[in-house]
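Below is one structure; the comments refer to it alone.
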Amino acid sequence: MMEQFNMALQQMLGWLALPEFGLSTLFVIAFISATLLPMGSEPAVVGLLHLNPDLFWPAMFVATAGNTLGGALNWWLGYGTHRAVDRLRHHDGEDLRAQASAKSPAHLRALGWLERLGPKACLLSWLPVVGDPLCAVAGWLKLPFWPCVAYMAVGKFLRYVTMTAALLWLIPESLKLL
């Protein structure tokens, strides 16, 4: 079983190493991992760089672009969901004040925090578990799209550079797993 896993891993790493697939595959993996699907892109980045160390900066920019576009998709999903809910509430004649008073204090505190920070909150989009939903909440709150995307890109770029550098150079033992 372990031998089959190692063969599959070696085949995946071989695909990532091919110039025609390496960076484009990394883009797709980074994009998908930024959506609300549970997936991480760091192993793909490290695998690609293990085989092609000279692609460090192109890989950082490609992974950041894919991950940022995934975060932008989450923003649009949040924005679209808010618009759909608003239409349903308006259509149903629901009293919005009654709905707002039904929210928990923690929920109201979190929303207040996000509204105070504004698009800068998207700097935290790199965080595990909460980062991807944060982008959707930014859309839900109708925070300005382009500033949110810019802050997402900065946060995600810094995460990729830090995590990749740590995995490749500060913790070289991690490469033995590949």
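With a 10 Å Cβ neighbour count serving as the proxy for reagent exposure, in which order, fewest first, do ASP54, ASP86 appear? Could the numbers behind the result be given before it?
Values: ASP54 8, ASP86 11.
Ordered from fewest to most neighbouring Cβ atoms within 10 Å, ASP54, ASP86 come out as ASP54, ASP86.
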Extension gain from ALA110 to THR162, taking 0.36 nm per residue of separation minus the Cα-Cα distance: 16.0 nm
Local net charge near GLU115, Cβ-Cβ under 12 Å (Lys/Arg +1, Asp/Glu -1): +4
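If I stretch the segment between ASP54 and PHE145 completely, what's the gain in nm (0.36 nm per residue apart, minus their alpha carbon distance), one decimal?
Details: separation 91, 0.36 × 91 = 32.76 nm, distance 3.38 nm.
Using 0.36 nm per residue and subtracting the Cα-Cα distance, I get 29.4 nm.
Readers should treat all values here as calculations from the given coordinates under stated rules, not as data from a laboratory. If you're wondering where the values come from, they're calculated on a predicted model, not measured in any experiment. A quick note on method: Cβ atoms are made from the backbone with ideal geometry, for glycine too, and the neighbour counts reach across all protein chains shown.
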